[in-house]
Amino acid sequence: MDSIETHAKQLGRQTPLPASPEEAQLDRVPNPHADTDYLARFTAPEFTSLCPVTGQPDFATLVIDYVPDRWLVESKSLKLYLAAFRNHGAFHEDCTVGIGRRLADLLEPRWLRIGGYWYPRGGIPIDVFWQTGEPLKSVWLPDQGVAPYRGRG
């Protein structure tokens, strides 16, 4: 099996915040349980990007679920990649689907989904969901645990 050191180039090192998502390096590490179907989840409750029109910040909770095959995403590189969106202008749909696609391309998972639960912009909450295909029947798929937006009532 490949060593973690050959794939996790940022792990254990001081790493500056990438200037943009395009410049961010996502690392992957070998999955020690590639013979087993299981679900891994990352939740980013403080995801931030910028509105591409107004430049104002947009906030979301992202939930990324995936069934790994040969690769796992290295969590420090994922954290830095997601943080790189803080100064990046993009619509909610572009951020959510783009993150899902980049992870799917990198990891080649058996299955992946991402839920972007965005706080209201202009009084309208926008939630964005994307997945690579049908969920695997062999894997327990919990609810993403983020309540739909509700106003004060």
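Computed from the coordinates by the stated procedures, all read-outs in this text should not be read as laboratory data. Being a predicted model, the structure only gives us computed values, none of them experimental. In this analysis, Cβ positions are derived from the backbone assuming ideal geometry, glycine residues included, and neighbour counts consider all displayed protein chains.
Computed values, structure above
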{"item": "The chain, helix-only ellipticity at 222 nm - DSSP H runs n ≥ 4, -39,500 (n - 2.57), divided by all residues, nearest 500", "result": "-5500 deg cm²/dmol"}
{"item": "Added length on full extension, which subtracts the Cα-Cα distance from 0.36 nm per residue, Tyr38 to Lys79", "result": "12.6 nm"}
{"item": "Nonlocal amide H pairs with Trp111, under 5 Å, H built at 1.01 Å", "result": "Val67"}
{"item": "Size of electric dipole in the chain: Cβ of Lys, Arg +1 and of Asp, Glu -1, about Cα centre, debye, nearest 20", "result": "420 debye"}
{"item": "By average C-beta atoms within 10 angstrom, highest first, the peptides 36-48, 68-80", "result": "68-80, 36-48"}
{"item": "q = 0.16, 0.18 Å⁻¹, the chain: log10 I(q)/I(0) [Debye, one scatterer per Cα]", "result": "-0.91, -1.11"}
{"item": "Charge context of Gly133, other residues only, Cβ under 12 angstrom, K/R +1, D/E -1", "result": "+1"}
{"item": "The chain - percent relative contact order, Cα under 8 Å, separation 6 or more", "result": "24 percent"}
{"item": "Interchain or long-range residues, amide H under 5 Å from Asp27's placed H", "result": "Glu74, Ser77, Leu78"}
{"item": "Coarse-grained scattering of segment 51-139 at q = 0.10, 0.23, 0.26 Å⁻¹, given as base-10 log I(q)/I(0) from a Debye sum over alpha-carbon atoms", "result": "-0.27, -1.18, -1.39"}
{"item": "Trp71 long-range amide H proximity, modeled H, under 5 Å", "result": "Asn31"}
{"item": "Under the Karplus curve 6.51 cos²θ - 1.76 cosθ + 1.60, θ = phi - 60°, whole-Hz ³J(HN,Hα) for segment 77-89, x wherever Gly or Pro sits", "result": "5, 5, 4, 5, 4, 5, 5, 5, 6, 4, 10, 10, x"}
{"item": "Nearest 10 degrees, 0 to 90: helix 92-107 Cα axis against the chain principal axis", "result": "0 degrees"}
{"item": "Listed residues His92, Asn31, Ala104: farthest to the positive end of the dipole of segment 29-131 (Cβ charges)", "result": "His92"}
